[in-house]
Amino acid sequence: MKRLLKIRELSSFLFLVALFVLVGILNPSFLTADNIVACFNDSVVYILISVGMAFAIIVGEIDVSVGANLGFTATVVSCMLRDGQNWAFAFITGILIGVLFGLFNGWGVAVMGVPSLIFTLGTNGVMRGMMYVYTGGAWVENLPASFKQLYTNTFIGNISICFTVTAIAVVIVHLLLKNTKRGRYFTAVGDNPGGATLVGIPAVQTKVVAYVICGIFAAISGIVFSSRIGFITATSGNGYEMKAVAACVLGGISLSGGVGSVIGASIGAVIMASISRLLVFMELGSTYDDTITGIMLITIVVVDALMQKRTAEKNRRERLAARTAGKEEM
């Protein structure tokens with residue numbers, strides 16, 4: 001049990017359960033199967049964008065352009081579908097957008113050595129500007145009804161097909177990361193880039209791949225976002241980068257890199273997606289959403305920093321004690 005409690009994903013899941021129970025105590029009408037299922041169904045976009053962000057953070061970087069990537073991809077795909085383009089062609093175009101901007105971010109951060117926060121912030125501005133140019137600032141509406149229905153199609157017990165497919169995909173990605181040689185490269189690079197290079201792991205290429213994967217997941221989340229909302233505005237995707245970072249941190253991913261999993265990021269994403277619904281049952285307005293997100297992010301980042309500092313101090317003392325013991329034996 002003591003070992004299990006150290007698992008970050010389990011701590012995140014227990015926090016999610018505690019949050020649901022707390023709101024249920026305050027308002028018993030929340031604890032129904034429909035409400036619980038709705039929280040998971042509403043989390044698909046957050047899960048996808050957070051899993052992508054997890055790759056960037058695990059390798060020790062960050063990508064604050066994922067929200068703009070979501071918005072721009074949603075804009076392009078929605079316009080294509082509205083104008084009668086083939087669905088497959090529209091979806092492939094959207095994913096290619098994610099690949100291209102992922103490569104661009106990877107080149108700037110991993111190859112050119114620009115700080116990831118600065119470079120991806122610039123990419124965010126570029127993509128936002130492209131959204132305005134592409135649409136002229138107008139809303140993208142009148143999407144095909146069959147496309148909008150994709151998000152609402154259910155599987156078993158009102159669980160949406162989108163959530164089911166997403167959950168299966170997350171499990172597959174998790175297994176690939178943890179059980180394959182190349183999957184473990186991401187954690188190794190995030191933990192110690194220099195050491196990873198010394199043992200033959202291509203750190204630069206790994207970071208580029210991490211950004212490409214991050215871009216792909218952001219693009220897919222944009223397509224799902226279009227189906228869920230049914231229209232796109234020039235500000236679509238704003239703030240999703242902060243929610244993705246918060247979801248990753250809530251899921252136990254260390255901002256210093258090398259620690260965490262996509263399962264944890266997904267659990268954190270469910271928490272972030274549930275906040276708006278929980279606020280309704282707590283009789284608070286949705287205007288508190290960003291405030292609560294910010295408070296949770298700051299709190300967990302501070303806690304994570306303190307834990308890392310404590311671990312570093314403990315390791316330093318152990319090394320000092322070992323050296324002292326060695327000198328006494330001599």
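Extension gain, Glu313-Val17: 0.36 nm per intervening residue step, less the Cα-Cα distance, totals 103.3 nm. Only Lys, Arg, Asp and Glu carry charge here, each on its Cβ (+1 for the first two, -1 for the last two); on that basis the range 69-190 has a dipole of about 460 debye about its Cα centre. Along the range 214-228 the Karplus relation, 6.51 cos²θ - 1.76 cosθ + 1.60 evaluated at θ = phi - 60°, assigns HN-Hα couplings of 4, x, 5, 5, 5, 5, 4, 5, x, 5, 5, 4, 4, 5, 6 Hz to successive residues, with x for each Gly and Pro. Other residues whose C-beta falls under 15 angstrom from the C-beta of Thr187 contribute a net charge of +3, scoring Lys and Arg +1 and Asp and Glu -1. Ile292 sits among other residues whose Cβ lies under 13 Å from its own Cβ, and their net charge, with Lys and Arg +1 and Asp and Glu -1, is 0.
With loop membership from DSSP and a limit of 16 other Cβ atoms within 10 Å, the longest segment of the chain without GluC sites (Glu not before Pro) is 142-282. Charges were assigned to the Cβ only: +1 to each Lys and Arg, -1 to each Asp and Glu. The resulting dipole of the chain about its Cα centre is roughly 1040 debye.
Based on C-alpha pairs under 8 angstrom that are at least 6 apart in sequence, the range 78-159 has a relative contact order of 38 percent. In this structure the chain gives 50 Å² per residue of accessible area when probed at 1.4 Å with all protein chains present. When the Gaussian network model of the chain links Cα atoms closer than 10 Å, the mean-square fluctuations of Val44, Val76, Val114 top out at Val114. Between Thr293, Thr180, Thr120, the residue with the greatest mean-square fluctuation in the GNM of the chain (Cα pairs under 10 Å linked by springs) is Thr180. Classified by the C-alpha gyration tensor, the chain has an oblate form. Its axis ratio a/c, with a ≥ b ≥ c, is 1.5 or above, and a/b does not exceed b/c. What FRET efficiency would be calculated for the residue pair Thr152, Tyr288, taking the C-beta separation as r and a Förster radius of 30 Å, to the nearest 0.05? Efficiency for this residue pair is about 0.65. Only Cα pairs under 8 Å and at least 6 apart count here; give the relative contact order of the chain as a rounded whole percent. Relative contact order, the chain: 33 percent.
Mean-square fluctuations from a GNM of the chain, with a 10 angstrom spring cutoff on Cα atoms, peak among Leu16, Leu279, Leu255 at Leu279.
Around the amide H of Thr154, modelled in the peptide plane, lie the amide H atoms of Ile161, all under 5 Å away and 5 or more residues distant in sequence or on another chain. Suppose R0 equals 45 Å; then what is the FRET efficiency for Leu96 and Asn27 from their Cβ-Cβ distance, rounded to the nearest 0.05? That gives a FRET efficiency of 0.50. Placing unit charges on the Cβ atoms of the charged side chains and taking the dipole of the chain about its Cα centre, the candidate lying farthest along the positive direction among Gly52, Pro28, Thr152 is Gly52.
Farthest toward the positive end of the dipole of the chain, out of Leu306, Ile97, Trp87, is the Cα of Leu306, where the dipole comes from beta carbon charges about the Cα centre.
Compared with the dominant principal axis of the Cα atoms in the chain, helix 289-329 is inclined by about 20°. For the range 1-102, a simple Cβ point-charge model (Lys and Arg +1, Asp and Glu -1, everything else neutral) yields a dipole of about 420 debye relative to the Cα centre.
Report the one residue of Ala210, Ala167, Asn142 whose Cα lies farthest in the direction of the positive end of the charge dipole of the chain (charges on C-beta: Lys and Arg +1, Asp and Glu -1; origin at the Cα centre). Going by the Cα projections, it comes out as Ala210. Counting only protein heavy atoms, what percent of the accessible surface of the chain is carbon or sulfur at a 1.4 Å probe? Roughly 67 percent of what the probe reaches on the chain is carbon or sulfur.
The values are calculated or read from the model by the stated rules, or taken from the named source; none is laboratory data. Predicted model, so just to flag it, every value in this text is computed and none were measured. Quick reminder, even Gly has a Cβ in these numbers, built from the backbone with ideal geometry, and neighbours come from all protein chains shown. All accessible areas refer to the heavy atoms of the entire protein, side chains included, with ligands and DNA or RNA removed. Shrake-Rupley method; radii C 1.70, N 1.55, O 1.52, S 1.80 Å.
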